[in-house]
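Data first, discussion second: the structure below is written as structure tokens.
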């Protein structure tokens, strides 16, 4: 196993992490911004009002992106297994 293989495995791992966590983080960001703007417009500063929708939308985004995340993780594991078998 040389440096190129290690870099390729790390690159694939970082890409898989981005694919797995990206949709949930993006959903949390967008929902947080929307709720913050609505709170600023209505001047309602309730903490639970900002957390509950963000948690719910993040869970929905995670649920809908699970097949894509599992496919990305499987691709990385297949790559690692092929490298290990080749050693």
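The values are calculated or read from the model by the stated rules, or taken from the named source; none is laboratory data. Keep in mind it's a predicted model, so treat the numbers as computed, not measured. Cβ atoms come from the backbone with ideal geometry, glycine included; neighbour counts cover every protein chain shown.
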Could you check, for the range 35-47, whether at least one of its residues is touching a residue at least 24 places away in the same chain (Cβ under 8 Å) and over 30 Å from residue 11 (Cβ atoms)? no
Right, residue 37: assigned to a loop (DSSP other than H, G, I, E, B) and more than 30 Å from residue 77 (Cα to Cα) or not? no
Could we say that residue 50 is modelled with pLDDT under 90 and either surrounded by 12 or more Cβ atoms within 10 Å (Cβ to Cβ) or farther than 13 Å from residue 79 by Cβ (or both) here? yes
As an exercise: evaluate residue 42 against (1) closer than 19 Å to residue 69 by Cβ; (2) exposed (fewer than 13 other Cβ atoms within 10 Å of the Cβ) and give the number of the one condition it does not meet. (1)
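Say whether the condition of being in a helix (DSSP H, G or I), free of Cβ contacts under 8 Å to residues at least 12 places away in the same chain and touching a helix residue (DSSP H, G or I) at 6+ places or on another chain (Cβ under 7 Å) is met by at least one residue in the range 52-65. Give the steps one after another, and end with the answer.
Filtering the range 52-65 for residues in a helix (DSSP H, G or I) gives 52-65.
Filter again for free of Cβ contacts under 8 Å to residues at least 12 places away in the same chain, leaving 52, 55-56, 59, 63.
Remaining after also requiring touching a helix residue (DSSP H, G or I) at 6+ places or on another chain (Cβ under 7 Å): none.
No: the range 52-65 contains no residue that is in a helix (DSSP H, G or I), free of Cβ contacts under 8 Å to residues at least 12 places away in the same chain and touching a helix residue (DSSP H, G or I) at 6+ places or on another chain (Cβ under 7 Å).
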Can you find even one residue in the range 8-22 that is in contact (Cβ under 8 Å) with a residue 12 or more places away in the chain, more than 30 Å from residue 84 (Cβ to Cβ) and surrounded by 12 or more Cβ atoms within 10 Å (Cβ to Cβ)? no
